[in-house]
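Have a look at the structure below before the remarks.
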Amino acid sequence: MGSRIPSHQLSSGLYVSGRPEQLKERLPTMGSRAVPYTGGDIKKSGELGKMFDIPVLDPSSNGPPSTKTSRPSSSSQHNSGSVRSGPNSGPVSKHTSSGPIPKKFSGPMVPLQPTGLITSGPVVSGPQGSLGGGGRRSGHMEHAASTGKAVYGTAVTSLSEGVKVGFRVSKAVVWVFLVVVAMGLLVGAFLMVAVKKAVILIAVAGVLAPVMVLIMWNYFWGKRGLIEFVKNYPDAEIRGAIDGKYVKVTGVVTCGSIPLESSYHKETRCVYVSTELYEYKGWGGKPANPRHRCFSWGCRYSEKYVADFYISDFQSGLRALVKVGYGAKVAPFVKPATVVDITKENRDLSPGFLSWLADRSLSSDDRVMRLKEGYIKEGSTVSVMGVVQRHDNVLMIVPSAEPVSTGCQWSRCLLPTYVDGLILMCDDNQNADVIPV
């Protein structure tokens, strides 16, 4: 007995084998409309503009842009970046009325950039915490909101202390000298009491006198001897510089990623700037610092900054990166120029100087003051002394890990002088024409 094959009739009247196809229930589809070309205009971008409370233009109407914010759906509350709750934001409060859902944020909403890109925050400059908040910050210069003082980030080195130059002598030599002097004084005192002869004391004094003169000579002329040592040191070519070797390079400087600006004259495109305020103390005046002596000039305020820069030597014309930022040890030898001399008579004739004092919360009492400013402008000729360091294809000059010694300079009667950090030297004339770069 054969089985019967099921068949059915189509709408056209044709009989075909098989069972009729079951019609599936279609899912409801949402209506869509053509999206017009916005051309990058946020006001024409629909929902993206509503997310940031930007008036949206309705392409179907010719009226003014609508400022009404549509109520976000339940799915947009979980997926939209404008309503998403972070670790610092509060929960979205429930609202039963037909109006828009109130939003709760821990801070102001970040404005949309003109390019339409959504970023985590504005890129501002200055050190961390200088303006408050947690925005991304770079090391560029920034003027404080309430003052005209420039504030730099960690990429710029602030030189709070002056150049420390000292001379060193072997400890063994010092101890031997002290023992010989002590023994001579004891023997001389004994002979002076017993025999009434002061020959030994006179001999000891004859030895001590030249030693004290030599120490005082090195104290006053040690820095000048160091400058002469740097000037006479032979220049090296960047092309043949050996990794790890201590060299001196002389050439033209160009700014790195962070150019500096002098605080008083506002000289731009600098790699090093310094401003120092000095005060003169008479017999009963107020000292500018704890070490200020009477009838002398004392430094009351100082600000010195230096940032990474490039130097191109005269021999090969190649360029090297000088790493002096991020708190590096630097010994600058740049002679500042006097820009303002203030006395009791001409105090009111310099409003710019008074404004400079007010920006730094410095009092302008009846004091004799002098403002000195120095800088190394882009295009200036400088000399740097440091250690060569190569990283990939970049040649850098970095500060030496050990203090640099000049050695004994017998012709000048100078003991070995030591200086710590990268040596940076520029010509004394700040008004000289620089090479355009």
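The values are calculated or read from the model by the stated rules, or taken from the named source; none is laboratory data. Computed from a prediction, not measured in an experiment: that's the story for all the values here. Ideal geometry is used to build each Cβ from the backbone, glycine not excepted, and the neighbour counts take in all protein chains shown. For accessibility, only protein heavy atoms count, side chains too; no ligands or nucleic acids. Shrake-Rupley method; radii C 1.70, N 1.55, O 1.52, S 1.80 Å.
Here the Karplus relation 6.51 cos²θ - 1.76 cosθ + 1.60, evaluated at θ = phi - 60°, turns the backbone of region 183-188 into coupling constants of 5, x, 5, 5, 5, x Hz, with x for every Gly and Pro. What the phi angles of region 284-298 give under the Karplus curve with 6.51, -1.76 and 1.60, with θ = phi - 60°, is a coupling list of x, x, 8, x, 7, 8, x, 9, 6, 9, 5, 6, 8, 8, x Hz, glycine and proline written as x.
When each of the peptides 326-337, 356-367 is scored by the mean number of other C-beta atoms lying within 10 Å of its residues, the order from highest to lowest reads 326-337, 356-367.
Positive contributions from Lys and Arg (+1) and negative ones from Asp and Glu (-1), summed over other residues with Cβ under 13 Å from the Cβ of G244, come out at 0. The packing ranking of peptides 311-324, 214-227, highest mean first, is 311-324, 214-227, where packing means the average number of other beta carbon atoms within 10 angstrom of each residue. For region 239-308, the list of chymotrypsin sites (Phe, Trp or Tyr not before Pro) that fall in a loop by DSSP and count at most 13 other C-beta atoms within 10 angstrom reads W283, F295. Converting phi to 3J(HN,Hα) with the Karplus coefficients 6.51, -1.76 and 1.60 and the offset θ = phi - 60°, region 366-383 yields 6, 10, 8, 10, 9, 10, 10, 9, x, 7, 10, 8, 4, x, 6, 9, 10, 10 Hz in sequence order, with x at every glycine or proline. Of all the accessible heavy-atom surface of region 317-437, with the other protein chains kept in place and a 1.4 Å probe, what percent is carbon and sulfur? Roughly 49 percent, rounded to a whole number. Site pair R269 and K223 shows an inter-label distance of 3.1 nm when each label is modelled 7 Å from Cα along Cα→Cβ. Full extension of the chain segment joining K149 with W297 gains 50.8 nm, where the gain is 0.36 nm per residue of separation less the Cα-Cα distance.
Within region 327-413, the GluC sites (Glu not before Pro) that combine a DSSP coil assignment with at most 10 other C-beta atoms in a 10 angstrom radius are E345. Cross-link check: pairs K248/K323; K231/K372; K266/K344; K281/K335; K164/K223 evaluated at a Cα-Cα cut-off of 18 Å; pairs beyond the cut-off: K231/K372; K266/K344; K281/K335.
Remark on V340: its backbone amide H falls under 5 Å from those of L371, a criterion applied only to residues 5 or more positions apart or on other chains, H modelled at 1.01 Å from N.
Residue separation of D365 and L178 scaled by 0.36 nm, minus their Cα-Cα distance, works out to 62.4 nm of gained length.
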